[in-house]
Each structure stands twice: as C-alpha cells, then as structure tokens.
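Worksheet: one structure, shown below.
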Amino acid sequence: RQVMNLPLSSRNAGDFITFLTGVQTAAGTRNSIVSGLPQSTINMTLDGVNIQDNTNKTTDGFFAIVGPRIDAVEEITFTTVAGGAESSGMGAKSGTNQFRGSVFHTYRNDALNANTWLNKRDGLPKPELLLNQPGFNLGGPIVLPGFNGRGKAFFFVHYEESRSPGSTRRTRQIFSPAAQQGLFQYNTT
C-alpha cells in the first residue's frame, strides 16, 4: 500500500530505491550511488535473478534491462551487505487463496503541462507529450475441474501496454568557421 501511494513519474518500481537512506541521487535515478560506492557494486535482482545491463555496469549501475512494474511487485528489499537466504527471490507477487486484481490507466498529455522556462525564453512551444499506459493484473488460486489449488497452486498475470508518441527538442552547437580553424576570440570589456 505504501509503494502504491508514493509519488513517482514512472511505473518502474526500481525507481523507489532512490528514496532510501544511503542512496545519493545527484542528477537522476541512473546516476545514483549507494553508500558512496562505485556503481559497479550495485546488484539489482528480480526474484533472485540479476536484471541489470552488466555490460554497462561501471558507469550506469542503476539501469535495469527489466523494469519491474509497481503493480507486479509486492516487496522491495534493499540490502547494503551480502544478502542472506531470505533474499533469494520472493519479491514478486505471491499467491493467495482469494482472487485479486486491478485495472489501471496512466495518462499524461502536454495539454496538462506548462511550458518549460527554457522554451519560454527561446519562444518555443511546449514539447508534445502523449502517454497512455493501460493495464491490468489478476491473481489467485488455480481452480480447475477436478483440481482445487487453494493453498497449493497459484497464478499471477500482469499486462501493461505503453503508448507514448512524442517529440524532443535537440539543439546542436557547432563552431564558427574561424573557430573550426583554431582561432578562438573572446570579448572583453
């Protein structure tokens, strides 16, 4: 319940790590460090399986190949020492004897946003943004004709779709012809 009620601009449960004590976030989630250690020491797992991009771990330890979604995660554990047997993979939704589920729709639109200060300064319009993330989840016991899985066998299904067409402003800076030749001039008063 606490995880569902915290403010977060994405639906990625891994972004909650930055709210914890000992995590320093200077310029965004992906630049975070834990307890002053290098990013190569971070080990993010989902159900006991590493979910990081291990080819880029030295400079981007918070980037996960799989972004666990808020509705699909029941528990987030943060360990600053070697994990014990209790951290072997019980973070996903576990089964119950009751059928439970939810339906959600995250919607963001540029009509609901203000323009940025830099765009106003440069006389530019708001960047286009349209984000629709509908989804649902359902879990409970497996009950089939001739088989009652209550207390024994469970299922959990989570479906999420992301539709986000948009545009981004890119400004390229190039040197003047004189600067391209190595002649740099500075104005002084």
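The values are calculated or read from the model by the stated rules, or taken from the named source; none is laboratory data. None of these values were measured; they are calculated from a predicted model. Quick reminder, even Gly has a Cβ in these numbers, built from the backbone with ideal geometry, and neighbours come from all protein chains shown. Note: areas computed on protein heavy atoms with side chains; ligands, DNA, RNA excluded. Shrake-Rupley method; radii C 1.70, N 1.55, O 1.52, S 1.80 Å.
Within region 27-50, which residues are within 14 Å of P68 (Cβ to Cβ), among the β-branched types (V, I, T) and out of contact with any Asp or Glu (no Cβ under 6 Å at 6 or more places or on another chain)?
T45, V49 - these are the residues of region 27-50 that are within 14 Å of P68 (Cβ to Cβ), among the β-branched types (V, I, T) and out of contact with any Asp or Glu (no Cβ under 6 Å at 6 or more places or on another chain).
Scanning region 121-154 for residues that are open to solvent by 60 Å² or more (accessible area, probe 1.4 Å) and under 16 Å from D71 (Cα atoms) yields a count of 2.
May I ask you to say which residue of R150, R121, R108 is charged (D, E, K, R), at pLDDT 85 or above and touching a strand residue (DSSP E or B) at 6+ places or on another chain (Cβ under 8 Å)? Spell out the reasoning first.
Numbers: R121 fails: touching a strand residue (DSSP E or B) at 6+ places or on another chain (Cβ under 8 Å); R108 fails: at pLDDT 85 or above.
Among R150, R121, R108, only R150 is charged (D, E, K, R), at pLDDT 85 or above and touching a strand residue (DSSP E or B) at 6+ places or on another chain (Cβ under 8 Å).
Whenever a residue of region 97-111 is aliphatic (A, V, I, L, M), its partners that are surrounded by 11 or more Cβ atoms within 10 Å (Cβ to Cβ), lying with C-beta atoms within less than 6 angstrom and at least six residues away or across chains, give the pairs V103/F136. In region 130-156, the residues that are on the phi < 0 side of the Ramachandran plot reach residues that are of a type in the set (V, I, T) and surrounded by 15 or more Cβ atoms within 10 Å (Cβ to Cβ) with C-beta atoms within less than 7 angstrom, at least six apart or across chains, in these pairs: L131/T106; Q133/T106. For G139, the test of being closer than 14 Å to F99 by Cβ and among the small types (G, A, S) is passed.
Can you confirm whether F62 is modelled with pLDDT under 75, buried (at least 17 other Cβ atoms within 10 Å of the Cβ) and within 25 Å of S162 (Cα to Cα)? So F62 passes the test.
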